[in-house]
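The values are calculated or read from the model by the stated rules, or taken from the named source; none is laboratory data. As the structure is a prediction and not an experimental result, all values here were calculated from the model. Heads up, the Cβs are rebuilt from the backbone with ideal geometry, glycines too, and the neighbour counts pull from every protein chain shown.
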Amino acid sequence: MKDNETVKGIQGGSLISIKGLKKHYNGGRVKALDGVDMEIKKGEVVVIIGPSGSGKSTFLRSLNLLEIPTEGKIIFDGADITDPKSNINLHRRKMGMVFQHFNLFNNMNILKNMTIAPMKLLKKSREEAEQKAKALLKRVGLEDRASAFPSQLSGGQKQRVAIVRALCMEPEVMLFDEPTSALDPEMVGEVLDVMKSLASEGMTMAVVTHEMGFAKEVATRVVFMDGGKILEQGTPDEIFSNPQNPRLKDFLSKVLV
Amino acid sequence: MFDELRDKIMLCFIDNGYWEWLVEGFLHTVLITVFAVILGLVFGIILAAVRSSYDKNEETLKLRGGVGYYLLKAINFICKIYITVIRGVPVVVQLMIWYFVILVSSKSDIFVAVIAFGFNSAAYVAEIFRGGIMSIDNGQFEAGRSLGFNYVQTMIHIVIPQTVKAVLPTLLNEIIALLKETSIAGYVGIMDLTKAGDLIRGRTFEAFVPLIAVAIIYLVTVVVLTKVFTTIERRLRRNER
């Protein structure tokens, strides 16, 4: 108990605090993450950019332990979730995640997709869970698709459902793993709009994306990763207008055409 | 010509009441098949659960450390050996081993057959289900885990329902194969459908009629079974894809 308190004190307002995170494969020959430290404060929108293979997705997936780090600590809400004795399932309830390929449950309709976790895990009544789900669907303009199955939705619709499915658990932080990379270009906007409105409400977000426009507009902090390390971070303005690291300059020259 | 055929049919089934053998044999075949399928499914699913849990969690458990990893690894190894042995030994030989060696004191021949065919089928069912579980996109699994479901809950609510649908056609294959495999029960003196037909042949010195009759009964059973499975499959798929 005392440990947790000290940790909380040191952190200040940090919701997630990452220390020396490493992820090695093949006995250390492949270093997907090679010592990453980061603090994510409440209400921050951290956008992580970098070339493919830079470790940014691995980093994001480590935050809720979908990837188990080889080394390092992740303190979430004052608790060390990398401690094998901690119950990761309880922490994950408070960390919503949105995937590149949506990952809606194929065998359930949209409403069931959104209510199954609150009902089974938070023991909410069906009425309560459905009411919340319908309100969220309405917010993203999909209230008429509640009884549809994922296969009947477009990519953009699926991703909007995936976002509100995560919100149904009332998470403290939302993790986005390239949420628009699998979308047709005309559907990217509708998903980004939902994310923007979430950010404007003060949701803490960590976003891995190639959408530089989103990063410039919405991020409170942009983090550039390459080779499993954070090479530079700062406000969108600092990163995009005045990059220092040569690799970042090179990266930006390729993506900002 | 039709008169001749009719006489043969009368001789083989009606005159001496041999039709009763066919009925009894068919009932034995069904009895053995049904219970062997149940045993095979239950035990096979347990085997599949172990094997796929190991496949899915190996890396995680290894990194998290502790006894759990070694325990699962050991149980998985035993399951693998079981599957290898069962699949590597002809089912007739297995049946005879059960009958003449392991369960030699059993009073019920049918029971021995159920055990032999059930434990044989379990090995195949296990691999069918494991293949099914591994074929479900890992994203489904990750989405479940990311919401806070634990491994078992994710399996029960999300992965298994999709797996069942995916494996139904292959499972039907296994059940049909099992039904027909029971025709070797005569090796240990059980009068199943095949044995009944063969007994009639021996008594009447008439091969064509009883054997064709047996063939038709198997065929019709398989057709009915297929029909049932197709209906279930269609129901399950109604709302998707």
Looking only at the stretch A:147-161, which residues are closer than 15 Å to residue A:116 by Cα, crowded, with 19+ Cβ neighbours inside 10 Å and free of Cβ contacts under 8 Å to residues at least 40 places away in the same chain?
none
The stretch B:1-42, residues that are within 30 Å of residue B:129 (Cβ to Cβ) and either among the β-branched types (Val, Ile, Thr) or assigned to a loop (DSSP other than H, G, I, E, B) (or both)
B:29, B:30, B:32, B:33, B:34, B:37, B:38, B:42
Could you tell me whether residue B:184 is away from chain A (no Cβ under 14 Å) and outside any loop (DSSP other than H, G, I, E, B)?
yes
Within the stretch A:69-82, can you find the residues that are part of a loop (DSSP other than H, G, I, E, B) and touching a residue at least 24 places away in the same chain (Cβ under 8 Å)?
A:69, A:70, A:77, A:78
Among the residues of the stretch B:208-227, which ones are of a type in the set (A, V, I, L, M, F, W, C) and more than 16 Å from residue B:193 (Cβ to Cβ)?
B:208
Complete set of residues in the stretch B:13-63 that are away from chain A (no Cβ under 14 Å), over 13 Å from the mean Cα position of the chain (by Cα) and within 17 Å of residue B:151 (Cα to Cα):
B:46, B:47, B:48, B:49, B:50, B:51, B:52, B:53, B:54, B:55
Are any of the residues in the stretch B:67-74 within 14 Å of chain A (Cβ to nearest Cβ) and closer than 23 Å to residue B:136 by Cα?
no
Which of the residues that make up the stretch B:213-241 are surrounded by fewer than 12 Cβ atoms within 10 Å (Cβ to Cβ) and under 13 Å from residue B:9 (Cβ atoms)?
B:216
In the stretch A:199-228, how many residues are closer than 18 Å to residue A:34 by Cα and buried (at least 18 other Cβ atoms within 10 Å of the Cβ)?
6
Residues of the stretch A:185-234 being in a strand (DSSP E or B), of a type in the set (Gly, Ala, Ser) and within 22 Å of residue A:159 (Cα to Cα), in sequence order, are A:206
Tabulated pairs, the stretch B:133-158, first more than 9 Å from chain A (Cβ to nearest Cβ), second acidic (Asp, Glu), C-beta under 7 angstrom, 6+ apart or interchain:
B:134/B:55
Please tell me if residue B:166 is within 30 Å of residue B:16 (Cα to Cα), of a type in the set (A, V, I, L, M, F, W, C) and either touching a residue at least 24 places away in the same chain (Cβ under 8 Å) or surrounded by fewer than 17 Cβ atoms within 10 Å (Cβ to Cβ) (or both).
no
State yes or no: is residue A:89 at the interface with another protein chain (Cβ under 7 Å from one of its Cβ atoms), under 30 Å from residue A:230 (Cα atoms), under 18 Å from the mean Cα position of the chain (by Cα) and assigned to a helix (DSSP H, G or I)?
yes
Picking from B:78, B:97, which residue would you name as being loosely packed, with under 13 Cβ neighbours inside 10 Å, more than 14 Å from every other protein chain (Cβ to nearest Cβ) and not hydroxyl-bearing (Ser, Thr, Tyr)?
B:78
Of (1) at pLDDT below 95; (2) of a type outside the set (D, E, K, R); (3) not in a helix (DSSP H, G or I), residue B:169 fails just (3)
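Yes or no, residue by residue, for (1) in contact (Cβ under 8 Å) with a residue 24 or more places away in the chain; (2) more than 24 Å from residue B:187 (Cβ to Cβ); (3) among the hydrophobic types (A, V, I, L, M, F, W, C):
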residue: B:73; (1), (2), (3): no, yes, no
residue: B:100; (1), (2), (3): yes, no, yes
residue: B:103; (1), (2), (3): no, no, yes
residue: B:124; (1), (2), (3): yes, no, no
Please tell me if residue A:70 is within 14 Å of chain B (Cβ to nearest Cβ), in contact with a helix residue (DSSP H, G or I) (Cβ under 9 Å, 6 or more places away or on another chain) and of a type in the set (Ser, Thr, Tyr).
yes
Step by step: first the residues of the stretch A:99-133, then only those that are free of Cβ contacts under 8 Å to residues at least 24 places away in the same chain and crowded, with 16+ Cβ neighbours inside 10 Å, then the one that is farthest from residue A:66 (Cα to Cα). Which residue is that?
A:130
